[in-house]
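A.B. asks: Attaching a single structure in structure tokens format; questions to follow.
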Amino acid sequence: RGNELAITEVIARLSHTSLETRLAAVKALGLVSKVGQEFTIRALAACLCSESLGARESVPAALRIVAEPGDEFTIVTVSEYLSHDIAEARLAAVHALVSVFPRGDDRAVDFLVQRLEDDDDEIKNAAAQVIGILAKPQGGHAITVVARRLGFLDAKIRDAALLALSLVAGRGCLTAFEEVEALMQHDEEVVRTYAARHGLGKLARRGDPEAIAVCLRLLVRPELDVRNAALLGLKTVVKKNVVETTTSVSEVLAHEDLGVRLSGIEAHRFLGEKGFPEVSSSLAAGLEMPEAEARKAASLMFRATTEPGDEHAIRVVSLRLENPSVEVRRSALETIAKIAPRGHEVAVDEGLLRLRHPLLAVRDFVARGLAKIVVRSDDRTFEALRTLLADENPEVRAAATKALGSCMEPGDEQAALAAGQMLEDESATVRLAAANVFEQVAVRNDLFPLSVVQQYLENKDEAVRSAATRALTKFVDRAEPGAVRCVASSLENPDPAVRRHVAKTMRAIADKDDPTVLEVVSRYLEDARKEVREDALWTLQQHAKPNSHNAIDSVSVRLEHSHSETRLAAIQGLTRLARKGDSYVLEQIASRLDHTTVHARVAALQALVKISPKGHAESFNRIRGKVADEDLEVRAFAARKLGQIAEKGDLESIQSVASLLEHRDREVRLAAVASLPDVAPKGDRRAIQAVGARLVNSDEGVRRAAVVGLTRITSRGDNYAVELCARHLKHPDDPGVRQDAVWALRQVGLPNQEKVVLPVARAWSHLQVR
């Protein structure tokens, strides 16, 4: 035993292709080697980085024979391979540790936990599995060090750490819960979410009271992010329909902090199946909270946690209709409308009981609620709503109007007349409700409601006309001939406000390129008011067919407008009206490139880029020509837009943009630098050469622009760019060129890159650079 030659020969057989041979070699190693012999252990450890998979897989079995578990020399020798450059060696070392450490040895966890951060996913998972094998079950040290990795931002590290933690801690471990609770308060959302969803999901059984207690403690924390994590945790671990859990969560609704109470309301989503009565009773308290936000949240949660028509929930909520607070009553009535289907007897009876409540707000919301739950054409409901239409309170009238539409059958003439009268109500809320209700009370394209609405289109009040327009759109088809003729007849009205409103109405109902619409809209392109011009342009864009020359002419003129938002609208309009590269629109835009005002020339440049296809040579040349404009803003803007219109990789475009690095204006040079990545692919040698040629320019600003330009078109460490910059270290005349070459190398090269360090060192040693 102990003969090193024999040991060497036997270990060499561990790489054999035959499994039988490798197994025999493992047995033979136990016969020729002493237990704990360092020569054998070193030789076996060296097999961890063998190219032979069989050799690597044989190491753990061999180590069990020749090494004592926990032997310090073996631990040190094998653990060195945990950080080996070769992933296969690291993986083999992880597996080998099973034979090196005794079970429950915390040192193994300390070694293996580092491998949870390995770049190789297989090694991460293997390390997690081995931690589960070697760590002491529910051991505090292992749980602590592994749980720290759950706080890493790398998802794969977290997954591996969670696997290890679940193997060590099992389910229901209080120590693990404490670690997860801390992670649910982490600064990073991804960590909090992971701990709540996956951490608790792996470590706790549903209904585990300790896990639920963790979530409830965090649910009353002041930080919203922590409470959100607690909610996610509750969703993960809570068992539905448990009265004790619901009672615990309902206590949160009495917390003094609004945010905590909102989170408590949200927690009800996970407490029971739909219709669980304890959830409804608990949520009803939320409807009585003083804050509107809390009441709204409770109301929405009722819909999420109850079945439609849940009588218990309806009655519980209805009790809050008698609350002293108007806001509470409103929330309660809105909630009833959400959870009761149409015609539900309990909901309708509760609503009708309070239809004549002395408070106007109650009647308002009762009418709204009835509109959502009654069967259409119910006589009792309709008579009550007609009474409310004449109420002195506009909120009540608006509610009654909305309920009218919901309660009456389409085509009812009395309903149409009643809705039309409400179009001229003094309240904007009522007018809006009346306009919308025509969608429900009128038959599509029916002449009767059309004649009702038409009279309000000629009303002197702009608000009434707007309401009538909205009403018209609710029941007529687009470009319906009868509707178009009806609206067009109002163009003869002497009131200019009425005529202008016809254009807005046409925008909503007429077909594209309708001659009447184009004629009406064209009158207001030069209107003194901005909103009218913009509405006219928008209407023209909606109704003009693609490449309509008349529409393009009208919009192109606005490129010269003094207001920037109007010019922008013109540019957007051209992009909608014309196809990219259309010669007519390009000529219209190009004619503004020499406009007397700067803003018109800039707008024309911007429009030219939007309309021209990539690589359009004529547009590129036009924009290139504006780099010589008399105004600096135009010159810089043109330089920046060159890259956006040029075809990426085109040599002439690259050279053209690169030449601007020598421009006299700093703004133009900076714009050219910004354009380089648009025109030159990353690492393009032609571009590097074109930009690098400016490194020997006598102007420091040009050289600096060239350096910045190189960084935009190369990857750090690009050999060609580095070599190009290094050449200028030998510039014979200008020390500034040499010194800027050093700066350029620092920008384009990598730290400690040989092609950077050696040339600079050589130039420095010859006193050519500082």
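The values are calculated or read from the model by the stated rules, or taken from the named source; none is laboratory data. All figures in this text were calculated on a predicted structure; none of them were measured in a lab. Backbone-built Cβ (ideal geometry, glycine too); neighbour counts: all protein chains shown. Just so you know, the surface numbers come from the protein's heavy atoms only, side chains and all, with ligands and any DNA or RNA stripped out. Shrake-Rupley method; radii C 1.70, N 1.55, O 1.52, S 1.80 Å.
A.B. asks: Could you check, for segment 90-104, whether at least one of its residues is out of contact with any helix residue (DSSP H, G or I) (no Cβ under 7 Å at 6 or more places or on another chain) and open to solvent by 10 Å² or more (accessible area, probe 1.4 Å)?
C.D. replies: Here is the first cut: in segment 90-104, the residues out of contact with any helix residue (DSSP H, G or I) (no Cβ under 7 Å at 6 or more places or on another chain) are 102, 104.
With open to solvent by 10 Å² or more (accessible area, probe 1.4 Å) added as a condition, the list becomes 102, 104.
Yes, because at least one residue in segment 90-104 is out of contact with any helix residue (DSSP H, G or I) (no Cβ under 7 Å at 6 or more places or on another chain) and open to solvent by 10 Å² or more (accessible area, probe 1.4 Å).
A.B. asks: Further question on the same structure: Considering segment 107-158 alone, what residues qualify as being surrounded by fewer than 18 Cβ atoms within 10 Å (Cβ to Cβ) and either among the hydroxyl-bearing types (Ser, Thr, Tyr) or closer than 18 Å to Gln185 by Cα (or both)?
C.D. replies: Thr144, Arg148, Leu153, Asp154, Ala155 - these are the residues of segment 107-158 that are surrounded by fewer than 18 Cβ atoms within 10 Å (Cβ to Cβ) and either among the hydroxyl-bearing types (Ser, Thr, Tyr) or closer than 18 Å to Gln185 by Cα (or both).
A.B. asks: Can you find even one residue in segment 193-213 that is over 27 Å from the mean Cα position of the chain (by Cα) and closer than 24 Å to Ala285 by Cα? First the steps, then the outcome.
C.D. replies: From segment 193-213, those over 27 Å from the mean Cα position of the chain (by Cα) are 202-213; that's our starting set.
Okay, now just the ones that are also closer than 24 Å to Ala285 by Cα, so 212-213.
Checking segment 193-213: at least one residue is over 27 Å from the mean Cα position of the chain (by Cα) and closer than 24 Å to Ala285 by Cα.
A.B. asks: Only one of Leu457, Leu432, Leu447 is of a type in the set (A, V, I, L, M, F, W, C) and open to solvent by less than 20 Å² (accessible area, probe 1.4 Å). Can you tell me which?
C.D. replies: On the way: Leu432 fails: open to solvent by less than 20 Å² (accessible area, probe 1.4 Å); Leu447 fails: open to solvent by less than 20 Å² (accessible area, probe 1.4 Å).
Exactly one residue qualifies, and that residue is Leu457.
A.B. asks: For segment 393-420, enumerate the residues that are part of a helix (DSSP H, G or I), in contact (Cβ under 8 Å) with a residue 12 or more places away in the chain and polar (S, T, N, Q). If you could, list the steps in order and put the result at the bottom.
C.D. replies: Narrowing segment 393-420 to residues part of a helix (DSSP H, G or I): 394-407, 413-420.
Retained after the next criterion (residues that are in contact (Cβ under 8 Å) with a residue 12 or more places away in the chain): 394-407, 413, 415-420.
Of everything in segment 393-420, those that are part of a helix (DSSP H, G or I), in contact (Cβ under 8 Å) with a residue 12 or more places away in the chain and polar (S, T, N, Q) turn out to be Thr401, Ser406.
Yes/no per residue for (1) out of contact with any helix residue (DSSP H, G or I) (no Cβ under 7 Å at 6 or more places or on another chain); (2) in a loop (DSSP other than H, G, I, E, B); (3) at pLDDT 80 or above:
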{"residue": "Val520", "(1), (2), (3)": "no, no, no"}
{"residue": "Tyr524", "(1), (2), (3)": "no, yes, no"}
{"residue": "Ala528", "(1), (2), (3)": "yes, yes, no"}
{"residue": "Glu531", "(1), (2), (3)": "yes, no, no"}
{"residue": "Glu534", "(1), (2), (3)": "no, no, no"}
{"residue": "Leu537", "(1), (2), (3)": "no, no, no"}
{"residue": "Gln541", "(1), (2), (3)": "no, no, no"}
{"residue": "Lys545", "(1), (2), (3)": "yes, yes, yes"}
{"residue": "Ala551", "(1), (2), (3)": "no, no, yes"}
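A.B. asks: Can I ask one more? Against the conditions (1) under 19 Å from Val441 (Cα atoms); (2) crowded, with 17+ Cβ neighbours inside 10 Å, where does Glu383 fall short? Just the number, please.
C.D. replies: Result: Glu383 fails condition (2) only.
A.B. asks: For Ala390, work out the one condition from (1) surrounded by 15 or more Cβ atoms within 10 Å (Cβ to Cβ); (2) free of Cβ contacts under 8 Å to residues at least 40 places away in the same chain; (3) not basic (Lys, Arg) it doesn't fulfil.
C.D. replies: Going through the list (1) surrounded by 15 or more Cβ atoms within 10 Å (Cβ to Cβ); (2) free of Cβ contacts under 8 Å to residues at least 40 places away in the same chain; (3) not basic (Lys, Arg), Ala390 breaks only (1).
A.B. asks: Next up: Hey, any hits in segment 297-310 for a residue that's closer than 30 Å to Val252 by Cβ, part of a helix (DSSP H, G or I) and either β-branched (Val, Ile, Thr) or touching a residue at least 60 places away in the same chain (Cβ under 8 Å) (or both)?
C.D. replies: Filtering segment 297-310 for residues closer than 30 Å to Val252 by Cβ gives 297-310.
Next, only the ones that are part of a helix (DSSP H, G or I) stay: 297-305.
Subsequent filtering for residues that are either β-branched (Val, Ile, Thr) or touching a residue at least 60 places away in the same chain (Cβ under 8 Å) (or both) retains 305.
There is at least one residue in segment 297-310 that is closer than 30 Å to Val252 by Cβ, part of a helix (DSSP H, G or I) and either β-branched (Val, Ile, Thr) or touching a residue at least 60 places away in the same chain (Cβ under 8 Å) (or both).
A.B. asks: Every residue in segment 237-287 that is part of a helix (DSSP H, G or I) and without any contact (Cβ under 8 Å) to a residue 24 or more places away in the chain, please.
C.D. replies: First, the residues of segment 237-287 that are part of a helix (DSSP H, G or I): 237, 243-252, 258-270, 277-287.
Matches in segment 237-287: Glu244, Glu251, Leu283.
A.B. asks: Considering segment 169-181 alone, what residues qualify as being open to solvent by 10 Å² or more (accessible area, probe 1.4 Å) and either touching a helix residue (DSSP H, G or I) at 6+ places or on another chain (Cβ under 6 Å) or on the phi < 0 side of the Ramachandran plot (or both)?
C.D. replies: Taking segment 169-181 as the starting set, the residues that turn out to be open to solvent by 10 Å² or more (accessible area, probe 1.4 Å) are 170-172, 174-175, 178-179, 181.
Selection gives Arg171, Leu174, Thr175, Glu178, Glu179, Glu181.
A.B. asks: Turning to a different aspect of this structure: Give segment 396-409 a look and list any residue that's of a type outside the set (Gly, Ala, Ser) and buried (at least 18 other Cβ atoms within 10 Å of the Cβ), or say none. Explain how you work it out, then say what you get.
C.D. replies: So the first thing to find is which residues in segment 396-409 are of a type outside the set (Gly, Ala, Ser), and the list is 396-397, 401-402, 404, 407-409.
Hits for segment 396-409 are Val396, Arg397, Thr401, Lys402, Leu404, Cys407, Met408.
A.B. asks: Now for a separate question. Only one of (1) buried (at least 16 other Cβ atoms within 10 Å of the Cβ); (2) under 20 Å from Ile265 (Cα atoms); (3) among the acidic types (Asp, Glu) is not met by Glu291, so which one is it?
C.D. replies: (1)
A.B. asks: Do we find a residue being closer than 30 Å to Pro481 by Cβ, open to solvent by less than 70 Å² (accessible area, probe 1.4 Å) and not small (Gly, Ala, Ser) anywhere in segment 415-422?
C.D. replies: To start, the set of residues in segment 415-422 that are closer than 30 Å to Pro481 by Cβ comprises 415-422.
Filter once more, keeping what is open to solvent by less than 70 Å² (accessible area, probe 1.4 Å): 415-416, 418-420, 422.
In the following step, the residues that additionally are not small (Gly, Ala, Ser) were identified as 422.
Checking segment 415-422: at least one residue is closer than 30 Å to Pro481 by Cβ, open to solvent by less than 70 Å² (accessible area, probe 1.4 Å) and not small (Gly, Ala, Ser).
A.B. asks: Taking only pairs six or more apart or across chains, which ones have beta-carbon atoms under 6 Å, a first residue in segment 674-690 that is in contact (Cβ under 8 Å) with a residue 24 or more places away in the chain, and a second residue that is among the hydroxyl-bearing types (Ser, Thr, Tyr) and part of a helix (DSSP H, G or I)?
C.D. replies: Val679/Ser653; Arg685/Tyr720; Ile688/Tyr720
A.B. asks: Another question about this same structure. Just the residues that are of a type in the set (A, V, I, L, M, F, W, C) and open to solvent by 50 Å² or more (accessible area, probe 1.4 Å), please, taken from segment 159-168. Break it down into steps so the answer makes sense when it comes.
C.D. replies: Going through segment 159-168, the residues of a type in the set (A, V, I, L, M, F, W, C) turn out to be 160-165, 167-168.
Passing the criteria: only Leu167.
A.B. asks: Quick check on segment 18-38. Is at least one of its residues within 30 Å of Gln138 (Cβ to Cβ) and of a type in the set (Gly, Ala, Ser)? Working first, answer last.
C.D. replies: The initial filter retains those residues of segment 18-38 that are within 30 Å of Gln138 (Cβ to Cβ), namely none.
No: zero hits.
A.B. asks: Which of the helices (runs of 4 or more DSSP H) contained wholly in segment 584-687 include at least 1 residues that are polar (S, T, N, Q), open to solvent by 40 Å² or more (accessible area, probe 1.4 Å) and at pLDDT below 85? Lay out the reasoning, then the answer.
C.D. replies: Details: elements: 598-611, 617-625, 632-645, 651-659, 666-679.
Per the criteria, 632-645, 651-659.
A.B. asks: Let me spell it out: the conditions are (1) open to solvent by 20 Å² or more (accessible area, probe 1.4 Å); (2) of a type outside the set (Lys, Arg); (3) in a helix (DSSP H, G or I), and Ser562 meets all of them except one. Which number is the exception?
C.D. replies: (3)
A.B. asks: For the list (1) open to solvent by 50 Å² or more (accessible area, probe 1.4 Å); (2) at pLDDT 90 or above; (3) of a type outside the set (A, V, I, L, M, F, W, C), I need the number of the one condition that Arg303 fails.
C.D. replies: All conditions pass for Arg303, except number (2).
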